[in-house]
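Everything on this sheet refers to the single structure shown next.
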Amino acid sequence: MVSTPAPSLVLHSDGRRFPLVDGLSAGRGPDNGMLLEDSSVSTHHAVFHEAGGRWLVKDLNSTNGTKLNGIRIQGTAPLSEGDSLKFGAVELRVEGLVAAPPLLAAAFPPPLPAPVRPPALPVPSQLPPPIPPPLAPQMSPRPPLPAQRPRVKTKSHLGLWIALGACILLLLSGAWFLRDSFMPGAGMKGLLAFREQAGQDPRAAFAEAKAPGKLADLNSVLWPTVDPEAGWTYFFRTCLVTGGARDGNRQAVLFYHPWSDIGLVTQWEDQERLRDMEMVPGEALRKGGIAPYGGAMGWTRLQAYAPPAVGMVTAQTLKAFEKAFATESAVDKALPWLGRGQAREACRMACSLQFAQVVKSLVTFSAAYDQPARMAFIRLLAQGSNGIGAAKDTPLDSARALRDLPSKAWSGFQPTALVDTEARVLVVAHHRESPDLFLGVVFRREGAELVPERMDLLSFKACYGALK
């Protein structure tokens, strides 16, 4: 019987073999289990984990990147037998992996239960036949039938049905062309494409905007210590988008960033040309411009558990935007308080402070390889659904939804915000394939260790639906 080699990584250059173990780190630093003394390799380049019978490799924001079969990966990627890995200029081969278990179809069930629908009434063809009345005890003889009258040919209703069908078709086509007037979120394909482009190349996305001076003003206030392109990239990759009512060929659109609780209110022409934009704190939208706006995310000030608070504050902000722009598309008319005194500058400064807090928490989270919250979060995600049992206080709805996630979906959660207190640490992450889906994890401090306490999987869409 031929023995199967243990899972390992083989160096192309000299054939050295590194056995795969959970938590194996690769890099140029002496504290790595896989020491690669090459200048193209970062000090801590990548780490390997086993989850659900599959081996995963995660790039640790290395300088020269990690390539899997010639393609540079972002975050975590699954490994298969015979795969080629490249850390900088160092090439390796994956050997000894058994066939991985099949992946389930990707499905993200909403965290809130669906409303119970009443049972459907049976259609006429499904109704039971009528029960005939009982026969009388004594049957009297039937009277003779009257003579049959000649049948009169009825008029055909075909023309009436054709006219009715044409009217219905006309109404449906009219509703399709007017859908934006009745559904403020529909028909936003061009705006979603803008968000996608701005999350990759903000300079190109803003190139045709008719407000270059406004963009320069926002850059100078919002990103005093961060490269504007990096700031906008992070904003658009993790923001939600909703639209107000159409006013002719113009429409107001909100790009809302729930993690910093700020929004970019924009005005568009035919959903193709950006004409105006202004940054507004979520608190200013929710309170109708009442000052002061502060410099903290609204959901951090609530006396509530953080992930549901994020969803609630987000839903309230989107609702406030739709109310303000229900009949108007111009920013200065729908939000007149922005033009009063120093309100505009105060809003911008509040947005800058809130952005700075979120960026600072993310830098703290990822600055050091051995940062406790970072390592605890990576270890928990690597376990996939097996890690749910360790977080004893996870709600039943979230536990059920998390267990239904396919194993490959766990690697898609990217850290978005970090809140560190003396007793607990909260890590919130959004899903890179769907900004609407986010995961909150609470770790409890036990000495020098962080122990998972609770996990919440939530959807902004479900939160907004519950509020409406």
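The values are calculated or read from the model by the stated rules, or taken from the named source; none is laboratory data. Note that this is a predicted model, so its numbers are computed, not measured. Cβ: placed from backbone, ideal geometry, glycine included. Neighbour counts: every protein chain shown. Just the protein is used for accessible areas: all its heavy atoms, side chains included, with ligands, DNA and RNA removed. Shrake-Rupley method; radii C 1.70, N 1.55, O 1.52, S 1.80 Å.
Annotations for the structure displayed:
- Taking the numbered list (1) open to solvent by 60 Å² or more (accessible area, probe 1.4 Å); (2) in contact with a strand residue (DSSP E or B) (Cβ under 6 Å, 6 or more places away or on another chain) in turn, LYS287 passes all entries but (2).
- Just one of the listed residues (PRO129, PRO134, PRO30) is open to solvent by 70 Å² or more (accessible area, probe 1.4 Å) and at pLDDT 85 or above, and it is PRO30.
- So PRO372, is it touching a Leu at 6+ places or on another chain (Cβ under 8 Å), in contact (Cβ under 8 Å) with a residue 60 or more places away in the chain and over 21 Å from VAL451 (Cβ atoms): no
- Inter-residue pairs, beta-carbon under 9 Å, first over 14 Å from ALA296 (Cβ atoms) and in the range 343-359, second assigned to a helix (DSSP H, G or I) and β-branched (Val, Ile, Thr), 6+ apart: GLU345/VAL221; ARG348/VAL221
- Within the range 257-270, residues that are acidic (Asp, Glu) sit with their Cβ atoms under 9 Å from residues that are open to solvent by 10 Å² or more (accessible area, probe 1.4 Å) and part of a loop (DSSP other than H, G, I, E, B), at 6+ positions apart or across chains, in these pairs: ASP261/ALA296; ASP261/MET297; GLU269/LYS210; GLU269/ASN249; ASP270/ASN249.
- Some residue of the range 429-444 being out of contact with any Ser or Thr (no Cβ under 6 Å at 6 or more places or on another chain), open to solvent by 50 Å² or more (accessible area, probe 1.4 Å) and modelled with pLDDT of 90 or more: yes
- Residues satisfying the stated conditions in the range 296-309, i.e. aromatic (Phe, Trp, Tyr) and either within 16 Å of PRO281 (Cβ to Cβ) or buried (at least 16 other Cβ atoms within 10 Å of the Cβ) (or both): TRP299
- Residue list for the range 38-55, filter: open to solvent by 30 Å² or more (accessible area, probe 1.4 Å) and under 22 Å from GLU95 (Cα atoms): GLU50, GLY52, GLY53, ARG54
- Filter result for MET312 (closer than 30 Å to ALA429 by Cβ and surrounded by 20 or more Cβ atoms within 10 Å (Cβ to Cβ)): no
- Residues satisfying the stated conditions in the range 338-352, i.e. crowded, with 17+ Cβ neighbours inside 10 Å and not aliphatic (A, V, I, L, M): ARG344, CYS347, ARG348, CYS351, SER352
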